[in-house]
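**Student:** Sharing a structure, written as structure tokens. Questions coming.
The values are calculated or read from the model by the stated rules, or taken from the named source; none is laboratory data. None of these values were measured; they are calculated from a predicted model. Cβ placement follows ideal geometry from the backbone for every residue including glycine, while neighbour counts extend to all protein chains displayed. In case anyone asks, the SASA skips ligands and DNA or RNA and just uses the protein heavy atoms, side chains included. Shrake-Rupley method; radii C 1.70, N 1.55, O 1.52, S 1.80 Å.
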Amino acid sequence: PAVSPDGLKLVFVRQTTSGIAALYLMPLAGGEPRRLTQSPFPGLAWTADGRELVYAGRVGDAMGLWRRSAEAPAGLPAKRIEAAESGAFGPVISRPAAGSPARLAYARPVFDTNIWVRETSALSPPAHKLVPSTRPDTHPQFSPDGRRLAFTSERSGSLQIWVANSDGSSPLQLTTLTRGFINAPRWSPDGKVIVFTSTQSNNQDI
């Protein structure tokens, strides 16, 4: 829940038994809640003037912070806050002195998984990172001839399919899909084609 700056309105998230959540607005003194939007995530805040709401949520394949008028009808699209990074949640808006700008703070989870390799013999050296980066690298698979590696990575800022030499050198981005989940790259038997799954516009395909 979040109370408006004037203390007259309350906005909150309600989750139904089917697991679907929605954002609701109602007078703080009581009354019937009015649904504003579906699928919010943790965190919501009022702007300093009490006219708009900032909340974390997903619209289509875009996950981040959104803003909308508190009086707008439920069907009116929200506007994404592009300055906030993908995955942002838990927004908090400052209450500045007159003449000073308001500021927005938020949280964003950061995951850094790397691809490791280890020989299978009992006397092999310890495992070591094969294609390290500061962003998640996952779902590796060597090509049938063992010379190349396909994997998913967020090192370009969004999840994409990458390939590299078998020693992790010369990584190359193959896909440029936007705001969609990409997973499980797999080589064809001749090593000429890579298949993968991707969710675009709420639909997952190969």
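**Student:** Can you tell me which of 29, 70 is open to solvent by less than 80 Å² (accessible area, probe 1.4 Å) and of a type in the set (A, V, I, L, M, F, W, C)? It would help to see each step written out before you state the result.
**Tutor:** Details: 29 fails: open to solvent by less than 80 Å² (accessible area, probe 1.4 Å).
Criteria check complete, one pass: 70.
**Student:** Could you tell me whether residue 152 is hydroxyl-bearing (Ser, Thr, Tyr), loosely packed, with under 15 Cβ neighbours inside 10 Å and touching a residue at least 12 places away in the same chain (Cβ under 8 Å)?
**Tutor:** Judged against the criteria, residue 152 is not a match.
**Student:** A follow-up question, please. Any chance region 132-149 includes a residue that's open to solvent by less than 20 Å² (accessible area, probe 1.4 Å), among the acidic types (Asp, Glu) and within 21 Å of residue 118 (Cβ to Cβ)?
**Tutor:** Yes, the conditions are met somewhere in region 132-149.
To keep it simple, each residue is scored yes or no on (1) under 30 Å from residue 156 (Cβ atoms); (2) in contact (Cβ under 8 Å) with a residue 24 or more places away in the chain; (3) charged (D, E, K, R).
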residue	(1), (2), (3)
3	no, yes, no
6	no, yes, yes
9	no, yes, yes
28	no, yes, no
43	yes, yes, no
81	yes, yes, no
92	yes, yes, no
96	no, yes, no
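**Student:** Restricting to region 175-193, what's the tally of residues that are over 15 Å from the mean Cα position of the chain (by Cα), open to solvent by 90 Å² or more (accessible area, probe 1.4 Å) and of a type outside the set (Lys, Arg)?
**Tutor:** Count: 3.
Here's the yes/no breakdown for (1) in contact with a Ser or Thr (Cβ under 8 Å, 6 or more places away or on another chain); (2) surrounded by fewer than 16 Cβ atoms within 10 Å (Cβ to Cβ); (3) not aliphatic (A, V, I, L, M):
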| residue | (1), (2), (3) |
| --- | --- |
| 52 | yes, no, yes |
| 56 | no, no, no |
| 83 | no, yes, no |
| 88 | no, no, no |
| 92 | no, yes, no |
| 99 | no, yes, yes |
| 112 | yes, yes, yes |
| 127 | no, yes, no |
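**Student:** Name the pairs whose Cβ atoms lie under 6 Å apart, with the first residue in region 171-191 and under 12 Å from residue 150 (Cβ atoms) and touching a residue at least 24 places away in the same chain (Cβ under 8 Å), the second surrounded by 14 or more Cβ atoms within 10 Å (Cβ to Cβ) and small (Gly, Ala, Ser), and 6 or more positions between them or separate chains?
**Tutor:** Here the result reads 171/164; 182/198; 185/150; 187/143; 191/143, each pair linking region 171-191 to a residue that is surrounded by 14 or more Cβ atoms within 10 Å (Cβ to Cβ) and small (Gly, Ala, Ser).
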